[in-house]
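Below is one structure; the comments refer to it alone.
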Amino acid sequence: MKKFTFFFIALLCLLQIKIEVNAQLTPSYRKLHSAIFIEKKLYIFGGIMNYVDPILLTDPNNVFFYLDMSTPFDTSNLPWKIPPNNIENLPLESLSSTDTGGVAASVGGINNNTIVFINNEKDNVTNSISPVHFFDPENNLWNTQNISGDRPIGRNQMRTVTDYNGKIYLLTGFDFTVQGVTRSNGLIIFDTINLNCEIKDAPVSRLGYGATFLPNGIIVYMAGWDRNYNIAPNNFNEIYLYDTNNDKWDIKITAGSIPHGDAGITSVLGLDGNRIIVFGGDNDNNNNLYVLDLKNYEWYIPKVTGQSPGFKRGEHTANVIGKYMVIAFGKYLIFFFNKIILILYLNIIKILFLGSNGITQDKYRSSGESDILLLDISNDSEYVWTTSFDPASLTINSPSPTYSPSTPPKNITSNVIIGLIISLVIVVGILLIIAFFLIRKYKNTNKAIPTPGNIKSEMIVSIPSEYELSHEKSRVY
């Protein structure tokens with residue numbers, strides 16, 4: 001009986017540990033979060049979450065975690081993991097909360113291997129917290145740095161773009177004040193290497209827009225809300241291009257199957273570098289996938305196979321990882337009228353009895369959909385919705401467009417040149433050393449003293465005797 005009691009208690013402890021671990025690795029629903037891919041890990045930070053359980057809002061393991069992309073997985077069983085010592089290390093009190101607009105996050109640093117978190121202007125105005133926090137995933141370290149120039153501003157409705165030189169670009173869509181000057185628009189450029197920030201004028205002001213960085217240094221901005229959260233009906237027809245190399249703006253008028261005006265979308269660059277793929281949004285358009293051909297700036301609806309998501313997601317994130325467009329979380333819109341009525345009814349009941357919680361409508365899990373959606377974009381003529389992730393695709397090369405010459409990153413080019421010079425010097429040095437020893441060996445061989453047995457007979461010189469000298473005779477054999 002005692003053995004059975006001990007076994008039962010031990011089993012309960014194991015079950016409790018398992019439940020606690022699984023609870024830590026099952027993140028809440030969220031929207032307007034950040035998703036940053038570094039070293040085969042997709043890091044998720046913040047966002048507007050399920051307010052039913054307020055403890056989750058301040059739980060570090062529910063605020064900052066990552067999806068392990070180094071091993072195969074199915075979206076029905078996602079390998080969520082937590083950074084080491086996350087509870088002790090995550091500086092939650094120093095990062096802007098979603099109540100004030102959240103943060104903007106992107107990669108940065110010398111090799112773009114650091115995650116940079118930029119606080120919003122409402123927290124920055126007090127100067128009580130650092131405007132920027134840096135997280136080093138390799139060493140699991142958080143730190144802050146002094147920033148020169150303008151004070152950077154980040155919000156969760158600003159799409160971040162990082163270029164090859166470690167500069168983060170954020171297009172604003174709201175009024176803000178910097179160094180006593182109030183602005184209604186601007187492009188914030190934060191140099192994460194030299195720790196300098198500047199704000200430039202911009203011809204457009206948006207929130208919830210799409211921003212795509214092309215290999216030639218151009219950023220393509222499209223869609224989004226204005227400062228009053230109104231959607232312009234032609235915000236896909238007219239797109240804005242910013243040349244990061246020459247600090248110039250341009251406007252392109254698109255054609256083809258132009259999407260309806262929308263916001264809360266995501267846009268990524270296709271693997272061939274010649275097209276932009278747009279997913280989701282907040283409007284009621286049933287189609288949730290469009291492609292912009294960058295050769296002629298024409299929109300088209302791509303051919304897609306596989307089990308398409310039953311919900312159109314908005315205010316989500318999308319990253320190109322290997323051959324996949326990886327879509328994470330987001331709120332949803334249902335494509336069928338009867339489902340809309342059902343959700344509205346459920347939400348009214350929840351508001352009446354539980355109070356409004358901001359994101360209860362985002363429970364797509366109840367329909368069997370995963371927090372992560374995978375779109376295989378390796379074949380431009382046919383995309384495929386899939387539930388299986390293969391990490392072997394991470395070896396796919398980065399996109400390089402053919403529609404215009406790419407401007408190679410300056411730091412990468414200089415590194416290549418320096419490497420070639422050093423390699424050339426080493427090779428020349430090795431050749432000189434080999435030549436030195438060969439010449440030395442050759443000279444030593446020629447100076448060798450002849451010994452009997454190794455001298456050829458035809459080279460023997462006889463020494464004349466006194467008799468032969470007296471008769472003036474000398475012979476050579």
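Over all other residues within a Cβ to Cβ distance under 12 Å of residue 114, the charged ones net out to -3, with Lys and Arg as +1 and Asp and Glu as -1.
As a calculated quantity, the FRET efficiency between residue 388 and residue 237 at R0 = 30 Å, using C-beta atoms, amounts to about 0.25. Using only side-chain charges placed at the Cβ, +1 for Lys and Arg and -1 for Asp and Glu, the dipole size of segment 63-127 relative to its Cα centre rounds to 120 debye. Remark on residue 193: its backbone amide H falls under 5 Å from those of 109, a criterion applied only to residues 5 or more positions apart or on other chains, H modelled at 1.01 Å from N.
Spacing of the modelled spin labels on residue 25 and residue 142, each 7 Å from Cα toward Cβ, amounts to 2.3 nm.
Among the trypsin sites (Lys or Arg not before Pro) in segment 235-333, those placed in a DSSP loop whose Cβ has at most 15 other Cβ atoms within 10 Å are 295, 303. For segment 323-330, 3J(HN,Hα) computed residue by residue from phi via the Karplus equation (6.51, -1.76, 1.60; θ = phi - 60°) reads 9, 10, 9, 9, 9, 10, 6, x Hz, glycine and proline entered as x.
Counting only protein chain heavy atoms and rolling a 1.4 Å probe, the accessible areas of 315, 88 rank, largest first, as 88, 315. For segment 232-247, 3J(HN,Hα) computed residue by residue from phi via the Karplus equation (6.51, -1.76, 1.60; θ = phi - 60°) reads 5, x, 10, 7, 9, 6, 10, 10, 10, 10, 10, 8, 6, 6, 10, 6 Hz, glycine and proline entered as x. Less than 5 angstrom separates the built amide H of residue 161 from those of 169, all sequence-distant by 5 or more or on a different chain. Modelled spin-label separation between residue 92 and residue 255, with each label point placed 7 Å from Cα along the Cα-to-Cβ direction: 5.4 nm. The chymotrypsin sites (Phe, Trp or Tyr not before Pro) found in segment 196-283 that occupy coil by DSSP, while having at most 15 further C-beta atoms within 10 Å, are 229.
The calculated FRET efficiency for the pair residue 436 and residue 304, based on their C-beta separation and a Förster distance of 60 Å, comes to about 0.35.
Residues whose amide H falls under 5 Å from that of residue 270, counting only those 5 or more places apart or on a different chain, are 275, 276, 277, with hydrogens built in the peptide plane.
The values are calculated or read from the model by the stated rules, or taken from the named source; none is laboratory data. Here the structure is a predicted model, which means the values were calculated and not measured. Positions of Cβ are backbone-derived with ideal geometry, glycine not excepted, and every protein chain shown enters the neighbour counts. Side chains included, ligands, DNA and RNA excluded: accessible areas come from the protein's heavy atoms. Shrake-Rupley method; radii C 1.70, N 1.55, O 1.52, S 1.80 Å.
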